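Enquirer: The structure's right below; bear with me while I get my questions together.
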């Protein structure tokens, strides 16, 4: 199977017909048009086999996730996604792999009207780099910087599921035991959160003009709130008791483990954001309309760093760190 | 060395101060502005260690080349380069490697006023994916499609040097022998064409409104002319005798080898383009002003495929194919 055949598979499954794509896959570069009065928002993420996903992950899930982690970054900026490029490096020209990968990538792309406009297929150890492009009305991007003292700190959805899913995968591998049926359903739910993250695209767009700062949770809640705190040159205090978790998570692990997963498990791809008190009600209405659960965790404070308070009002001296490469 | 320290090295060396970069490295995504009346041009290329460059290649050369191959694609579209993202995957957090890589990448970025606006650093087998963004006045991108019967076919610079450089590296490795001084200078010149390709950015911009189709030569002349021919649904006839070559190439290899390298050696990153006869004189003046040598190779004809005629007027039945991954 030649490179051009692989590209044809990707093209057929993932190249949507957006009017603003003037030239898509098949030339030296793609040509697209940005709507007037908008800024372009660009991000890149790489997934390496065995590092960012278990090697046994289904190709369709790899395709889905490689786009999802990028769309999540656009969501955190409040951007409307538009176009993606795909750099797919794989050991051999495996049409079956590419076809399944394109199914997963294409399913998520279709859901958010993202056009695959170009890329590169190369031979090498399995790794995927996706670059996504979206846009915001000029001046409306939501940054990590911008939190103000007194702002409320919120998070979308539930925390810790993806990290719980990874633990489930590892324990299934180790024990080989078949769990009870209810337990199995819980595990599958957590694993699907790991393999098929749902980027909070609509919520991110809905937070434009409301959130004062925003980030997506990829490294872990505490680490990512730390990025908002550092960029805003302020601190964040949160209550451990407030951390939202799924029933599946609480049924699969003891409370101590759940709290650890919620605070420092990566790969949640929920949005954490700060917002002025006066805007909270508007935001709650908007998120309810989108069917997006949000939970207040705490407040922005006039110090630095992130503190997590337990039910007794004691805070961790050295809160868990999130995922960091190379350490 | 932590991920954030590596990013800081890259940021300091490669993040230029362009006015249109509204938010650069350090948030979930970058935010940039496109000038009014322009389209955005986007391309992505991956370099894998041991596949696209010898593993022994100097890190600064890898940095240079990873950007150069991308800028060459923008050049082939006639685009003005503006922004790049970098996905750098490497086995360990090696500050020395990243620093040298950033030197090479940054040197070329500075030359073309390209700002590094974001990216990702990950752990894994050495591979680099760069996505570059440029722009063209709306409707002015030069495509592969557009060649007309009777158009002249031109190429910039000289052909075969990079492929010759790769052969030099391989023969130096094998023999370990030290060449004569003149031969050494020739080899070094060819190797520098392999490791430090000069993307034809100014020439590409100069060809806007002149060339009817254009491509950069990455896979090899014949293969890449084949892409223009296929996209334009026409054929191309060229004369082998016309292929431009450097003195260094002709002094390092016999004529037969030179012709093979010129026709099918990849990695030249010269521009091959077609142009209506009426515009050739204007184009020659423009290219002379830019100091860019151009050579006519042949004509666009009303058939399909690429034919290479030798001095006796005989053409190859099956001309050399260029580089294709996975074969």
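None of the figures in this text is laboratory data; all of them are computed from the coordinates on show. Remember, predicted model here, so these are calculated numbers, not experimental data. A quick note on method: Cβ atoms are made from the backbone with ideal geometry, for glycine too, and the neighbour counts reach across all protein chains shown.
Enquirer: Hey, what does the equivalent ellipsoid look like for segment B:238-310, semi-axes from the Cα gyration tensor as sqrt of 5 times each eigenvalue, largest first, whole Å?
Expert: Semi-axes, largest first: 23, 18, 10 Å.
Enquirer: With axes computed from alpha carbons, what is the tilt in degrees of helix A:221-232 against the longest principal axis of chain A, rounded to the nearest 10 within 0 to 90?
Expert: Its long axis makes an angle of about 80 degrees.
Enquirer: For chain B, divide the Cα radius of gyration by the Kirkwood radius and give the resulting Rg/Rh value with two decimals.
Expert: Values: Rg = 20.2 Å, Rh = 20.5 Å.
Dividing the radius of gyration by the Kirkwood radius yields 0.98.
Enquirer: Take the alpha-carbon centre of segment B:226-248, take the same for segment A:121-162, and report the distance between them in whole Å.
Expert: Here the two parts' Cα centres lie 45 Å apart.
Enquirer: Here is a further query. How high is the relative contact order of segment B:1-140? Use alpha-carbon pairs under 8 Å, at least six apart in sequence, and give a whole percent.
Expert: Numbers: 277 pairs, mean separation 56.0, N = 140.
With pairs under 8 Å counted, the relative contact order is 40 percent.
Enquirer: Could you calculate the FRET efficiency of residue B:172 with residue B:290 from 1/(1 + (r/R0)^6), where r is the beta carbon distance between them and R0 is 45 Å, rounded to 0.05? Can you show the working numbers first?
Expert: Working: r = 34 Å, r/R0 = 0.75.
After rounding to 0.05, the efficiency reads 0.85.
Enquirer: As a footprinting exposure proxy, order A:259, B:17 by other Cβ within 10 Å, with the fewest listed first. Show your work: numbers first, answer last.
Expert: Details: A:259 20, B:17 8.
Ranking A:259, B:17 by Cβ neighbours within 10 Å, fewest first, gives B:17, A:259.
Enquirer: Something else now. Quick one: check the C-alpha center-to-center distance for segment A:275-290 versus segment A:1-66, whole angstrom.
Expert: 33 Å
Enquirer: Let me ask something additional. Which distances, in nm and shortest first, link the residue A:312 label point to the same label point in every other copy, taking 7 Å along Cα→Cβ?
Expert: When each copy's label point is compared with this one, the spacings are 9.6 nm.
Enquirer: Taking the 0 to 90 degree range and rounding to the nearest ten, how far is the long axis of helix B:255-264 tilted relative to the main principal axis of chain B, both from C-alpha atoms?
Expert: So the helix axis and the longest Cα principal axis differ by about 60 degrees.
Enquirer: Per-residue mean of other chain beta-carbon atoms within 10 angstrom of the beta-carbon, peptide A:69-82?
Expert: 2
Enquirer: Helix A:95-111: angle to the longest alpha-carbon principal axis of chain A, degrees 0 to 90, nearest 10?
Expert: 50 degrees
Enquirer: Here's a follow-up. For residue A:139, go 7 angstrom from Cα along the Cα-to-Cβ vector, then report the distances to that same point in the other copies in nm, smallest first.
Expert: 3.1
Enquirer: First check a/c for segment A:60-192, with a ≥ b ≥ c the square roots of the eigenvalues of its C-alpha gyration tensor; if it is under 1.5, answer rounded, and if not, answer prolate when a/b is larger than b/c or oblate otherwise. Intermediate results must be reported in sequence, preceding the final value.
Expert: On the way: a/c = 2.41, a/b = 1.13, b/c = 2.12.
Oblate.
Enquirer: Ignoring everything except DSSP H segments at least 4 long, calculate the 222 nm mean residue ellipticity for chain A; use -39,500 (n - 2.57) per segment, divide by total residues, nearest 500. Kindly include the intermediate steps, with their values, before the conclusion.
Expert: Working: 10 runs with 122 residues, N = 327.
Only helices count here, giving -11500 deg cm²/dmol.
Enquirer: Got a sec? How would A:311, A:196 order by Cβ neighbour count within 10 Å, fewest to most?
Expert: In increasing order of surrounding Cβ atoms, one gets A:311, A:196.
Enquirer: Let me ask something additional. Label position 7 Å from Cα toward Cβ: report the copy-to-copy distances for residue A:55 in nm, one decimal, ordered from shortest.
Expert: 1.8
Enquirer: Output the antiparallel fraction of DSSP beta bridges having both residues in chain B, as a percent to the nearest 5. Could you put the intermediate results ahead of the total?
Expert: Working: 41 of 55 bridges.
So the antiparallel bridges in chain B amount to around 75 percent.
Enquirer: What does the convex hull of the Cα atoms of the protein assembly as shown come to per residue, in Å³, rounded to a whole number?
Expert: Output value, Cα hull per residue: 163 Å³.
Enquirer: Same structure again: Sort A:133, B:22 by Cβ crowding within 10 Å, fewest neighbours at the top.
Expert: Values: A:133 28, B:22 17.
The most exposed by this proxy come first: B:22, A:133.
Enquirer: Over all pairs of distinct alpha carbons, what does the Kirkwood formula give as the hydrodynamic radius of segment B:1-117, in Å? Could the numbers behind the result be given before it?
Expert: Details: mean 1/r = 0.0672 Å⁻¹.
Averaging 1/r across every pair of different Cα atoms and inverting gives 14.9 Å.
Enquirer: So, one more: Using DSSP, restrict attention to beta bridges with both residues in the protein assembly as shown and report what percent are antiparallel, rounded to the nearest 5. Walk me through the intermediate numbers first.
Expert: Working: 88 of 116 bridges.
In the protein assembly as shown, approximately 75 percent of DSSP beta bridges are antiparallel ones.
Enquirer: From other protein chains only, count the Cβ atoms within 10 Å of every residue's Cβ in B:141-147, then give the mean. Don't jump to the answer; show the numbers that get you there.
Expert: Details: counts 7, 2, 7, 4, 3, 0, 0.
Averaged over the peptide's residues, the number is 3.
Enquirer: So, one more: Antiparallel versus total DSSP beta bridges in segment B:179-327: what percent is that, nearest 5? The partial results should precede the final answer.
Expert: Numbers: 10 of 15 bridges.
Around 65 percent antiparallel, to the nearest 5.
Enquirer: Under the definition of Cα pairs under 8 Å and six or more residues apart, what whole-number percent is the relative contact order of chain A?
Expert: Values: 748 pairs, mean separation 72.6, N = 327.
With pairs under 8 Å counted, the relative contact order is 22 percent.
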